[in-house]
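> I have a structure here, written as structure tokens, and I will follow up with some questions on it.
We did not get these values from a lab; they are worked out from the coordinates using the rules stated. Small disclaimer: the values here were computed from a predicted structure and weren't measured. Virtual Cβ from ideal backbone geometry, glycine too; neighbours counted across all protein chains shown.
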Amino acid sequence: MKNKRYGLFKGFGNAMTFGRSNARVYVKAQTGKTFADVAGQDEEKEALAEIVDFLHSPGKYAEIGALLPKGVLLVGPPGTGKTLLAKAVAGEADVPFFSISGSEFVEMFVGVGAAKVRELFRQAAEKAPCIVFIDEIDTIGKKREGQSGSSDEREQTLNQLLSEMDGFDGKNGVVILAATNRPESLDPALLRPGRFDRRIPVELPDLAGREAILRVHGAGVRLSGDIDFKAAARATAGASGAELANIINEAALTAVRNGRIAVTNTDIEESIEVVIAGYQRKNAVISQKEKEIIAYHEIGHALVAAMQQESAPVHKITIIPRTTGALGYTMQIDENERFLVSKEEALAKIAVLTGGRSAEELVFGTCTTGAANDIEQATKLARAMVTRYGMSESFDMMSLEKAGNRYLGGEAFLMCSDETAAKVDEEIRCIIKSAHKKAMSILTENKEKLHELAAFLIERETITGNEFMEILGRKTAPAA
Ligand code: ADP
Ligand code: MG
Ligand code: ZN
């Protein structure tokens, strides 16, 4: 993802020669961002406030003899506001902001990247106090060993960066910020004391954080009074700041499309679904038979969820097809933010995932390709239970897997013998099989409700959680 560049001007004219940096200069406050633009992320802002203070009054620190870290590394998943935070630091500190993306360093010709680094630091030293921001630093800062081919250029660039960082002392007021979502791939040399020795995790926002971000972006569009930001935040667990910003924008676009002058709560609800599942495919033609299968499938998920204490309440079920290829989906929303998942809850979740297919089997006596995604998710969760969470009988608390990238959802690697791997597969099979059986028995016991709810869904195409619970013969959802 390329960063939008704010208030860019090339302070160095067109006189740039080959091999010189074209690092853009950001004159003070032109990033236009301050900490007020960054919602939530209080710990991150607190950690960065010290940097801002240092840039304001370096003398205060010099007097005591305190050295500030030269380099601060912002680490976290994509879209959590790392670039935004760096811009906000520059805005708050009111100092020049030199920004470059790691990928810009990586040129075709050996030596160009290194020359760019040299030039960047030369300019920065002239303008100190100032901030140098290196986005996507992993593109130049990858571990050096075991690389082949075109790593020469990157290695030279990295070496130049290391020597530049060693070359200036912490007193002259150049602070280097860098951002990455691949911290595990960074060369350890970069992380040594005196280089990027301070690391600030920028995590996905929690419930309160999501609400704050929605409000910040909501303030930028015209709203029609009755927006329930809290509910929107609850429905978007796991969403990044960028996705939340996108939800508000999608809602505004929907309002315009429908010829309204303000965004309503319904627009926001619809836009959450767009971001989760894609746009509605209004003109998709689905045969009655398929529509029935899809409806039973989704009600299957929802019924299994509703009949298990450990499942989150059903919020909405729909069988309006989406542009992403989803034919229907069941939204469950937890009342509160969850940080831990118990074994019982994980098993219940797997049973819910198998509920769609179970309904198809029970009602139509056959199965379809519609469960592919459910199968993938159920297997992933069951595997994690066995290999990472120590939730299986046979392996107890033995770690069997090494996690890949935490932030990008990279593949994990099995760390065990082939025989163990085969046993792991067997454990996973058993977990899924017994969950499937459980789902089957729940649906068999509630077959009448299954028919009743499916008929309702086929007619209306959407059921809210309340309607669902009412048909199920209860007024309120079971305590989750
Ligand atoms: P990253 O660099 O971590 O991938 P960005 O800083 O580029 O993420 O964030 C992309 C956009 O998402 C921002 O421009 C902003 O609109 C929105 N965003 C992300 N986090 C926040 C936040 N904490 N508060 C407000 N907006 C945010
Ligand atoms: Mg970024
Ligand atoms: Zn399904």
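> Put a dot 7 Å past each Cα toward the Cβ at Val275 and Phe339; how far apart are the dots in nm?
2.3 nm
> With angles folded into 0 to 90 degrees, how steeply does helix 82-93 sit against the dominant principal axis of the chain? Use alpha carbons for both and round to 10.
It is inclined by approximately 40 degrees.
> Along the charge dipole of the chain, pointing to its positive end and built from +1/-1 on Cβ of Lys, Arg, Asp and Glu, which listed residue (Asn265, Gly365, Gly218) has its Cα farthest out?
About the Cα centre, the residue reaching furthest to the positive side is Gly218.
> Short version: ³J(HN,Hα) in whole Hz for each residue of segment 124-139, in order, from phi by Karplus 6.51 cos²θ - 1.76 cosθ + 1.60 (θ = phi - 60°), x for Gly and Pro, what are they?
Per residue, the Karplus-derived 3J(HN,Hα) values read 5, 4, 5, 9, 4, x, 7, 10, 10, 10, 10, 7, 6, 5, 4, 5 Hz.
> Next question, about the same structure. So what is the relative contact order for segment 288-472, in percent, with contacts set as C-alpha pairs under 8 Å and at least six apart?
Relative contact order comes out at 29 percent.
> If you don't mind, another one. Check which residues have an amide H placed less than 5 Å from Cys130's amide H, if you skip close sequence neighbours.
Residues meeting the amide H criterion: Val174, Val175.
> About the Cα centre of segment 335-480, how large is the charge dipole given +1 on each Lys and Arg Cβ and -1 on each Asp and Glu Cβ? Please answer in debye to the nearest 20.
That gives segment 335-480 a dipole magnitude of about 180 debye.
> Count neighbours as other Cβ atoms within 10 Å of each site's Cβ, and list the chymotrypsin sites (Phe, Trp or Tyr not before Pro) in segment 167-244 that are DSSP loop with at most 16 such neighbours.
Phe168
> Just to check I understand the Karplus step: with θ = phi - 60° and J = 6.51 cos²θ - 1.76 cosθ + 1.60, what whole-Hz values come out for segment 66-80, glycine and proline as x?
For segment 66-80, the Karplus curve yields 7, 9, 7, x, 6, x, 10, 9, 8, 10, x, x, x, x, 8 Hz.
> Let me ask something additional. Taking Cα pairs under 8 Å and at least six residues apart, what relative contact order does segment 137-291 come out at, in percent?
19 percent
> In whole Å, what is the distance between the alpha-carbon centres of segment 185-203 and segment 27-100?
If you average the Cα positions of each part, the centres end up 16 Å apart.
> Could I ask something else about it? Given the -39500 (n - 2.57) contribution per DSSP H run of 4+ residues, what per-residue ellipticity at 222 nm results for the chain, rounded to the nearest 500 deg cm²/dmol?
Theoretical 222 nm ellipticity from helices: -15000 deg cm²/dmol.
> Where in the chain is the longest stretch that carries no GluC sites (Glu not before Pro) classed as loop by DSSP and with at most 12 other Cβ atoms within 10 Å?
The segment 146-334 is the longest one with no such site.
> Helix 241-257 sits at what angle to the longest principal axis of the chain, using alpha carbons and giving 0 to 90 degrees rounded to 10?
Taking the Cα atoms of the chain, the angle to 241-257 is about 70 degrees.
> Enumerate by residue number the chymotrypsin sites (Phe, Trp or Tyr not before Pro) in segment 285-340 meeting two conditions: DSSP loop (anything except H, G, I, E, B), and at most 16 other Cβ atoms within 10 Å of the site's Cβ.
Sites meeting the loop and neighbour criteria: Phe339.
> Give me, ordered by chain and number, the residues 5 or more places off Val202 or on other chains with an amide H under 5 Å from its own placed amide H.
Amide H neighbours of Val202, under 5 Å, 5+ apart: Val75, Gly76.
> Any idea what angle helix 207-218 forms with the longest principal axis of the chain, computed on alpha-carbon atoms, 0 to 90 degrees, nearest 10?
Helix 207-218 sits roughly 70 degrees off the main axis of the chain.
> Between segment 363-422 and segment 423-449, how many Å separate their Cα centres?
Cα centroid of segment 363-422 versus Cα centroid of segment 423-449: 16 Å apart.
> Give the relative contact order (percent, whole number) for the chain; include only Cα pairs under 8 Å separated by 6+ residues.
Relative CO of the chain lands at 13 percent.
> List the residues, sorted by chain then number, that are 5 or more residues from Ala412 or on another chain and whose placed amide H is less than 5 Å from its amide H.
So Ala412 has HN proximity to Gly404.
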